[in-house]
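Accompanying notes for the structure given below.
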Amino acid sequence: MKYSGCFSVLIAFFFLVSCSGPLIPASYTLTAPGLPESWALLGSPSWHVEWMDNSGQWRQADAENGLGQISIASGETWTGAVLAWPRFGCGKGVFRPAGAILPFDCSGDRVMLSWQGGVDAFFYRELARLGWGSSRSPDRFDWPRFRELFSGGNASALSGEIRNDPWLVDWTGVAEKTIASGFDRRRLVSAHTGTLSVPAPAAGPWAASSPFAVPPAGDPWELKTAPWVDTLVSPQGVVKVSRDGFVWLPRNAPE
C-alpha cells in the first residue's frame, strides 16, 4: 500500500482545532513521558531538545531539570516535530528520543511527548533533511494515517516485531526511499538481521537504548544486530554492539 501526504489546508485546519480550541497559545511547554521500567536504574535524565520552526530550521535547547523549563513559541510550531533525547550522564543519541508531531500532540498549551512520538519525529526529521519543501516534505505527510499502522485498525499491516519496537526499522533508509518514490509500509521491516552470541559481561540489570526493547537475559546472550551501534547500560558498565562486533566497557573505562 502506498499513500501520499494530506493537503496543507487540512493540516492548517488540524492545527487550529487540535489544541483544545481555535485559539493558538502564545507558547507551548513540553511534557515528558514516563520512563520505561527498565530505565529505572539510570535515575532522572537531563534532556537535549530539538524542534523545527516554521521556516524549516532546527532549533535546540538543553534541560537539566526537566522538560517543563523549555518553552516553544507557537509561531515556531506550524506542522513540525519535537525530539527530546534523555541523557543519563551520557551524550545525545545513546538512548532513543521521545517526541511529538505538532499539531497532533498538543493539548492546550502543552506538547505531550511520547516514546512512539519519538519514532515519528525522528522520521519527520529525516524526511525534512532529505526533502524539505518538496512534494514529499514531512509537513505534507499524512501523519494520522501513518500512526494508524502502529495502533488502531491498520495495526495488522505491520509485523508484531515492528509494532513492539519500531526502532528496529532503519528510518533513515525508509526516509530516503520515501523522498525518492513515496511512502510504502512494506519497507517497515527490521534491520536487525545479524546475530551474535556472546557471554553476558555482567549480571545487570540492563537498560537498552530503545525504550521499547526487552534487555537481554541469560548467559550467553543471543543478540540480533543492525548496521548501527546499539547500547546496553548496567551499573557495572556499557555494552556497544553492531554487526561489526561487541564491546564491553566496564564502569569508569574510557568510551
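The values are calculated or read from the model by the stated rules, or taken from the named source; none is laboratory data. Because the structure is a prediction, the values reported are computed rather than measured. Glycine also receives a Cβ, built like all others from the backbone with ideal geometry; neighbour counts cover every protein chain displayed. The accessibility values were calculated without ligands, DNA or RNA, using every heavy atom of the protein model including side chains. Shrake-Rupley method; radii C 1.70, N 1.55, O 1.52, S 1.80 Å.
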(request) Run the numbers on the range 127-255 and let me know its relative contact order in percent, using alpha-carbon pairs under 8 Å that are six or more apart. (result) 17 percent
(request) Report the accessible area of Phe246, computed with a 1.4 Å probe over the heavy atoms of all protein chains in place, in Å² rounded to the nearest 10. (result) 60 Å²
(message) In whole percent, and with a 1.4 Å probe on the protein chains, what portion of the accessible area of the chain is carbon and sulfur?
(response) 52 percent
(request) For the chain, find the longest principal axis of its Cα atoms and tell me its angle to the long axis of helix 115-131, 0 to 90°, nearest 10. (result) 70 degrees
(message) Ignoring everything except DSSP H segments at least 4 long, calculate the 222 nm mean residue ellipticity for the chain; use -39,500 (n - 2.57) per segment, divide by total residues, nearest 500.
(response) -5500 deg cm²/dmol
(request) Would you mind working out the magnitude of the charge dipole of the range 120-255 relative to its Cα centre, with +1 at each Lys and Arg C-beta and -1 at each Asp and Glu C-beta, to the nearest 20 Debye? (result) 320 debye
(request) Quick one: which residues, 5+ away or cross-chain, put their amide H under 5 Å from the amide H of Ser27? H built at 1.01 Å from N. (result) Ser74
(message) Which residue, Ile179, Ala61, Gln116, has the largest displacement toward the positive end of the dipole of the chain when charges sit on each Cβ (Lys, Arg +1; Asp, Glu -1)?
(response) Ile179
(request) Give a quick list of GluC sites (Glu not before Pro) in the range 62-137 that DSSP marks as loop, anything other than H, G, I, E or B, with at most 15 other Cβ atoms within 10 Å. (result) Glu64
(message) Taking a virtual spin label 7 Å from the Cα of Glu37 along the C-beta vector, which residues in the range 194-214 bring their backbone nitrogen under 19 Å of it?
(response) 204-214
(message) With a 1.4 Å probe and all protein chains left in place, how much accessible area per residue does the chain have, in Å²?
(response) 46 Å²
(request) Measure nothing but the geometry: give the 0 to 90° angle between the long axis through the Cα atoms of 8-18 and the longest principal axis through the Cα atoms of the chain, rounded to 10°. (result) 80 degrees
(request) Using the Cα centre as the reference, give the magnitude of the dipole from point charges on the C-beta atoms of the range 110-168 (Lys, Arg: +1; Asp, Glu: -1; all else neutral), rounded to the nearest 20 debye. (result) 200 debye
(message) Can you give the FRET efficiency to the nearest 0.05 for Ser135 and Ser159, using r as the Cβ-Cβ distance and R₀ = 30 Å?
(response) 0.55
(request) Mind putting a number on the dipole of the chain about its Cα centre? Charges go on the C-beta only, +1 for Lys and Arg and -1 for Asp and Glu, and I need it in Debye to the nearest 20. (result) 440 debye
(message) Could you sort Leu130, Leu42 by their accessible area in this structure, using a 1.4 Å probe and putting the largest first?
(response) Leu130, Leu42
(message) Keeping all protein chains in place and using 1.4 angstrom, which order do Glu50, Glu176 fall into by accessible surface area, from largest down?
(response) Glu176, Glu50
(request) Calculate the spin-label point distance for Thr29 paired with Ser190, positioning each point 7 Å from the Cα along the beta-carbon direction, and give it in nanometres. (result) 4.1 nm
